[in-house]
1. Most fluctuating residue of LYS44, LYS54, LYS29 in a GNM of the chain with Cα springs under 10 Å: which is it?
2. Where does helix 62-77 land angle-wise versus the long Cα axis of the chain, in degrees 0 to 90, nearest 10?
3. Under 8 Å for C-alpha pairs, at least 6 residues apart: give me the relative contact order for the chain, rounded to a whole percent.
4. Using modelled backbone amide H atoms (1.01 Å from N, in-plane), which distant-in-sequence or interchain residues come within less than 5 Å of ALA35's amide H?
5. If I stretch the segment between LEU2 and ASN68 completely, what's the gain in nm (0.36 nm per residue apart, minus their alpha carbon distance), one decimal?
6. Magnitude of the Cβ-charge dipole of the chain, K/R +1 and D/E -1, about the Cα centre, nearest 20 debye?
7. Looking at PHE24, VAL47, MET1, which one has the Cα that reaches farthest to the positive end of the dipole of the chain (charges on Cβ: Lys, Arg +1; Asp, Glu -1)?
8. What's the tally of Lys pairs in the chain whose alpha-carbon atoms lie under 14 angstrom apart, where the two lysines are 8 or more places apart or on different chains?
Amino acid sequence: MLIASALILAALAAYTLLCMASPFGTCRKCDGAGAKPTLHRTGKVMVKPCRRCKGHGKRLRVGRRLHNHSRQIHRAGTR
């Protein structure tokens, strides 16, 4: 039990450091391309910007999003 909790804490610390060092990850929907080719009903290939990353190819990691939200709550509460 102690080893499992130590491993979980180590993984959490590693993810925290990753979110601090690199807050943006590649978009999983378009694989970082920013657009995904789609097939139109007439058979033409269309390229539309990715809706998830809005064409940037990067997304904010979940841990960084939680960090930003907690900072916003703290900032609003200390005014």
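Since every read-out is calculated from the coordinates, none of them should be taken as a lab result. Values in this document were obtained by computation on a predicted structure and should not be read as measured data. Cβ coordinates were reconstructed from backbone atoms using ideal geometry, including for glycine residues, and neighbour counts include every protein chain displayed.
1. LYS44
2. 60 degrees
3. 29 percent
4. CYS50
5. Details: separation 66, 0.36 × 66 = 23.76 nm, distance 3.10 nm.
Taking LEU2 through ASN68 to full extension adds about 20.7 nm, to one decimal.
6. The dipole magnitude comes to about 560 debye.
7. So the residue furthest toward the plus end is VAL47.
8. Counting lysine pairs in the chain gives 7.
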